[in-house]
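Here is the structure we will look at, set down as structure tokens.
The numbers here are math on the coordinates, done by the rules we state, and not lab data. Keep in mind the model is a prediction, meaning the values are calculated, not measured. Here the Cβ is made from the backbone with ideal geometry for all residues, glycine too, and neighbour counts use every protein chain on show.
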Amino acid sequence: MLIEWEFRHERAKVWAAIWDADQWPLGVSGFSPVAGTVFVGGPFPTMGTDYVGTLECAVTELVPVKMIAIDVVAPRISGPASTWEFRSEMFDRDDGGTRAVTTIHGVDPTSRDEKVALGIFTSVASWIYGHASNDLDHPAPRLPGRLSRGAKQRGRLPRPADHGDGENDCEETT
């Protein structure tokens, strides 16, 4: 399975935008684009499959600002888990932009459940690429007390600072 996206921006900016997990539409816990990082993804919609809706992941290879490989294990309610490798690479374009390519290896083409799950992941990757592209093309000012676009879309609110006086420095904005 292959997902490609063209960006008008240099690779370092694209890398930073794509691998900012706070901007992703699905939750992750413990992710960092560092080799050896183990993290959990989810919940994700299972859409009638036998998956439990979480992912056990590990960053297995990393060439900063060029390539990241992530092993992904999708446990099932019954039966063996599905295991895939997500590999994302970035290439410089002649015009100063970047071409991002994500491949997913280890897919069982006969498994209906894998086809459904990978359809979800393809949509998520396309969403991440699209939002990174839009954010790079139209940067929004980050104002104090404002939530990031990704946090708003996922319904996550920052934790208020605790000063022990019942007041905090955060206020919800829309």
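Structure data summary
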{"read-out": "DSSP-assigned coil residues among GluC sites (Glu not before Pro) in the stretch 79-141, each with at most 10 further Cβ atoms within 10 Å", "value": "none"}
{"read-out": "Stretchable slack from SER126 to LEU2, in nm (0.36 nm times residue separation minus alpha-carbon distance)", "value": "43.6 nm"}
{"read-out": "Euclidean distance of C-alpha centroids, the stretch 61-117 and the stretch 1-52, integer Å", "value": "10 Å"}
{"read-out": "In nm, spacing of pseudo-spin labels at THR60 and ASN134 (7 Å Cα→C-beta vector)", "value": "3.3 nm"}
{"read-out": "Charge context of THR98, other residues only, Cβ under 15 angstrom, K/R +1, D/E -1", "value": "-3"}
{"read-out": "For the stretch 2-11, Karplus couplings with θ = phi - 60° (6.51, -1.76, 1.60), whole Hz, Gly/Pro x", "value": "10, 10, 10, 8, 9, 10, 8, 10, 5, 4"}
{"read-out": "Distant-in-sequence amide H partners of THR37 (H built 1.01 Å from N, under 5 Å)", "value": "VAL59"}
{"read-out": "Order of MET1, MET90, MET67 under a 10 Å beta carbon neighbour criterion, fewest first", "value": "MET67, MET1, MET90"}
{"read-out": "Residue-wise HN-Hα coupling along the stretch 79-84, computed from phi with Karplus coefficients 6.51, -1.76, 1.60 (Hz; x: Gly, Pro)", "value": "x, x, 5, 8, 10, 9"}
